[in-house]
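Take a look at the structure below.
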Amino acid sequence: MKIKALSRSTVVRENSGDQKKLSRNLSPTLNPHASSIEYTRSIQSAKLQRIFAKPFVGSMGNGHIDAIFSSANCRDYLGAFVSGDASGEVKLWDLASRTEVWCGDRKTGHNKAVSGLVVGNRGGYGVSNDSEENDGRCFFSCSVDKTVKMWRLGVVHSGGGVRVSKEKGEEVSKGKKRKLKDSDSDSDSDSDSDGDSGSDSDSDGERNYDSDSDFDSDDSDDDSAIPKRKQQPQTTKNLNNANATPSPSPVKTFTSPHSINSMDHHWNDPLFACGTTNTLEVFSPVRPSPIIVFKKFWGEDSVNVVRFNPAERSLIASCSSDRGVGLYDIRTGGGGGMTSGSSGLSKTILKMRSNCLEWNPMEPLNFTVGNEDHNCYSFDMRNLSRPTMVHKGHVGAVLSLGWASTGREFVTGSYDRTVRIFNSRSGTSRECYFNKRMQRVFTVNFSGDSKYVISGSDDTNLRVWKAKSDEKIGQMSAREEKAMKYKEALIKKHQHLPEVRRIVKQRQLPKFVRKQTAVKTLQSDSKKKKRDNVFKHSKPGSVKYEGERNKVVVKEID
């Protein structure tokens with residue numbers, strides 16, 4: 001005899017407005033239409049994902065006055081970002097508010113294009129770090145004017161301002177610390193920027209912080225009282241005036257006999273390497289001249305890119321103008337020049353020149369290069385005879401590349417005026433970002449948390465994009481977050497089905513990119529058809545198919 005008893009739910013709602021939790025039996029025999037319902041929901045989720053895909057976040061301040069050639073973010077701090085342009089201007093930005101902190105112009109910075117930027121480690125540069133304003137962190141900029149300049153980074157605050165410490169030897173009236181008032185986060189103006197305080201006259205193009213016309217002091221007995229800057233109307237004259245933003249001074253300057261094309265800082269030690277038009281040089285911040293110089297070991301003309309390995313402390317990878325990608329060991333050089341025991345480790349020659357190179361931060365055995373043939377190639381440093389993956393999608397030369405801190409994705413900027421995001425295990429891009437006004441993209445970077453992408457282009461603007469185009473910015477409720485995860489799980493489960501795959505992969509592209517893609521597809525199909533005809537009408541065994549990855553490398557040099 002079967003007895004059915006009535007039961008009441010013991011679940012207590014936290015609020016009277018909450019929905020009642022219902023228990024469901026997920027047995028497939030009781031839910032025969034569950035699969036079809038999930039399939040319909042996955043299609044709806046994929047469509048909604050594309051509808052709400054708005055990747056563009058905004059631009060950084062007023063940008064630069066010339067094409068942006070280089071940029072860098074801090075490896076252990078999310079707030080700081082630096083960029084340099086073709087006029088020699090270097091700017092420090094606060095990523096949280098997308099505002100300019102200070103600008104180093106041609107008077108104090110470089111008088112030619114900034115070819116490289118990198119943020120160093122904390123301490124080890126002979127700069128004091130005994131206060132909150134100065135934590136000992138510096139960044140470096142190099143230029144084709146044959147100089148490398150070291151700048152003090154300071155502490156970046158999320159409120160839209162930076163407190164930059166005072167240079168040694170400058171005057172500070174009454175021993176008080178000076179700080180510019182934080183700029184309004186809702187304003188797009190760059191005029192409320194911070195810089196190193198000094199006692200310069202207005203005729204020199206800089207402000208005198210001790211002048212009563214620029215600051216109003218608070219009457220307080222505390223020695224740490226901070227004077228505040230008077231609010232000024234944001235006009236075009238103020239933005240373009242050199243006196244509007246104090247120009248900082250570099251801490252140190254290093255010189256090279258050759259033009260510098262690229263630079264990178266060691267991940268742990270106070271060392272940085274420079275790729276010049278004639279050599280590869282390694283500097284120590286405490287010495288004015290290079291401590292190691294590799295002089296044309298393989299006969300290359302110039303070194304275009306140089307990068308330190310994240311794990312191997314003495315390993316450097318470089319790209320040269322002779323289409324080569326080489327590996328160096330800095331332990332084999334010394335004394336300011338190549339010694340008898342110095343040598344490069346290995347080198348491979350590709351069909352076309354590589355413009356950028358980056359190591360995978362989570363898999364330091366692998367690195368990726370961006371090539372002139374519109375493709376990116378991932379290599380394992382233990383075997384440079386063939387790439388492990390070919391990443392396609394661009395229709396112009398790949399000019400810049402940057403890995404996410406997760407090591408799963410990297411972003412590329414191209415001559416075709418687009419930004420693409422690739423998965424490390426995929427040959428095609430998952431996202432393609434573009435803007436009507438955006439020109440050739442010379443530099444791209446992931447933010448420290450891998451949630452945003454910063455691109456610098458030929459139109460003098462720095463743009464911020466979402467790494468995940470449909471991701472919501474801001475806090476989500478628990479129910480909303482749960483619903484988002486459920487939709488993503490549905491799309492992932494049914495992504496192999498044609499309809500879902502078509503919706504997920506569909507992207508709107510510029511007219512120029514669509515036309516060039518069609519031309520490349522036609523050329524590829526014609527080559528494949530010709531190869532099949534030759535194989536079909538040739539003697540068996542006389543013609544062999546050659547894999548795509550085997551065509552990349554021309555030769556390997558030990």
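The values are calculated or read from the model by the stated rules, or taken from the named source; none is laboratory data. Note that the structure is predicted; figures quoted are calculated from it, not measured. No Cβ is skipped: glycine too gets one built from the backbone with ideal geometry, and neighbour counts run over all protein chains shown.
Of all the residues that make up region 473-494, how many are in contact (Cβ under 8 Å) with a residue 24 or more places away in the chain and assigned to a loop (DSSP other than H, G, I, E, B)?
Count: 2.
Answer yes or no as to whether residue 500 is in the same structural domain as residue 41 (by TED's automatic domain parsing), under 27 Å from residue 412 (Cα atoms) and surrounded by fewer than 16 Cβ atoms within 10 Å (Cβ to Cβ). Outline the logic, then answer.
Working: in the same structural domain as residue 41 (by TED's automatic domain parsing): yes; under 27 Å from residue 412 (Cα atoms): yes; surrounded by fewer than 16 Cβ atoms within 10 Å (Cβ to Cβ): no.
No.
Could you check how many residues of region 133-142 are crowded, with 23+ Cβ neighbours inside 10 Å and either acidic (Asp, Glu) or modelled with pLDDT of 90 or more (or both)?
3
Could you tell me how many of the residues in region 270-292 are closer than 27 Å to residue 554 by Cα and surrounded by fewer than 21 Cβ atoms within 10 Å (Cβ to Cβ)?
Result for region 270-292: 2.
Do the conditions hold for residue 115, that is, is it at pLDDT 90 or above, of a type outside the set (Val, Ile, Thr), surrounded by 20 or more Cβ atoms within 10 Å (Cβ to Cβ) and in the same structural domain as residue 439 (by TED's automatic domain parsing)?
Here the answer is yes, as residue 115 does meet what is asked.
Go through region 376-399 and give me each residue that's of a type outside the set (A, V, I, L, M) and either part of a strand (DSSP E or B) or not assigned by TED's automatic domain parsing to the domain that holds residue 352 (or both).
Of region 376-399, the ones of a type outside the set (A, V, I, L, M) are 376-380, 382-383, 385-388, 391-394, 396.
The answer is 376, 377, 378, 379, 380, 383, 391, 392.
Any idea which of 130, 145 is out of contact with any Phe, Trp or Tyr (no Cβ under 8 Å at 6 or more places or on another chain), of a type outside the set (Ser, Thr, Tyr), modelled with pLDDT of 90 or more and more than 19 Å from residue 454 (Cβ to Cβ)?
The conditions single out 145.
Residue check, residue 509 against (1) aliphatic (A, V, I, L, M); (2) touching a strand residue (DSSP E or B) at 6+ places or on another chain (Cβ under 7 Å); (3) modelled with pLDDT of 95 or more, all met but one. Which one?
Going through the list (1) aliphatic (A, V, I, L, M); (2) touching a strand residue (DSSP E or B) at 6+ places or on another chain (Cβ under 7 Å); (3) modelled with pLDDT of 95 or more, residue 509 breaks only (3).
Within region 410-428, how many residues turn out to be in a strand (DSSP E or B) and either buried (at least 22 other Cβ atoms within 10 Å of the Cβ) or touching a residue at least 60 places away in the same chain (Cβ under 8 Å) (or both)?
The first filter runs over region 410-428 and keeps only residues in a strand (DSSP E or B), leaving 410-414, 419-423, 428.
Right, trim to either buried (at least 22 other Cβ atoms within 10 Å of the Cβ) or touching a residue at least 60 places away in the same chain (Cβ under 8 Å) (or both) and you get 410-414, 419-422.
Looking only at that region, the number is 9.
Restricting to region 273-328, what's the tally of residues that are not β-branched (Val, Ile, Thr) and not in a loop (DSSP other than H, G, I, E, B)?
Of all residues in region 273-328, those not β-branched (Val, Ile, Thr) come to 273-275, 278, 280-281, 283-285, 287-290, 294-302, 304, 307-315, 317-324, 326-328.
Pick out the ones that are also not in a loop (DSSP other than H, G, I, E, B) and you get 273-275, 280-281, 283, 294-295, 304, 307-308, 315, 317-320, 324, 326-328.
Residues flagged as not β-branched (Val, Ile, Thr) and not in a loop (DSSP other than H, G, I, E, B) within region 273-328 amount to 20.
If you go through region 59-72 one residue at a time, how many are on the phi < 0 side of the Ramachandran plot and surrounded by fewer than 23 Cβ atoms within 10 Å (Cβ to Cβ)?
Looking only at that region, the number is 5.
When region 429-449 is examined, which residues are found to be buried (at least 17 other Cβ atoms within 10 Å of the Cβ) and part of a loop (DSSP other than H, G, I, E, B)?
434, 435, 438, 440, 447, 448
Identify the residue in region 269-320 that is of a type in the set (S, T, N, Q) and at pLDDT 90 or above and, among all such residues, is farthest from residue 118 (Cα to Cα).
Here the residue is 320.
Among the numbered conditions (1) over 30 Å from residue 437 (Cβ atoms); (2) in contact (Cβ under 8 Å) with a residue 12 or more places away in the chain; (3) of a type outside the set (A, V, I, L, M, F, W, C), tell me where residue 536 comes up short.
Among (1) over 30 Å from residue 437 (Cβ atoms); (2) in contact (Cβ under 8 Å) with a residue 12 or more places away in the chain; (3) of a type outside the set (A, V, I, L, M, F, W, C), the lone unmet condition for residue 536 is (2).
Any idea which residue in region 321-350 is modelled with the lowest pLDDT, counting only those that are on the phi < 0 side of the Ramachandran plot and of a type in the set (Lys, Arg)?
331
Condition first: in contact with a Lys or Arg (Cβ under 9 Å, 6 or more places away or on another chain) and either of a type in the set (Gly, Ala, Ser) or assigned by TED's automatic domain parsing to the domain that holds residue 386 (or both). Now tell me which residues in region 536-558 satisfy that.
The one that is in contact with a Lys or Arg (Cβ under 9 Å, 6 or more places away or on another chain) and either of a type in the set (Gly, Ala, Ser) or assigned by TED's automatic domain parsing to the domain that holds residue 386 (or both): 547.
Could you please find all residues in region 80-104 being part of a loop (DSSP other than H, G, I, E, B) and surrounded by 19 or more Cβ atoms within 10 Å (Cβ to Cβ)? Show your work before the answer.
Restricting attention to region 80-104, the residues satisfying the condition of being part of a loop (DSSP other than H, G, I, E, B) are 86-89, 95-98.
Once the filter is applied, which keeps residues that are part of a loop (DSSP other than H, G, I, E, B) and surrounded by 19 or more Cβ atoms within 10 Å (Cβ to Cβ), region 80-104 yields 86, 87, 88, 89, 95, 97, 98.
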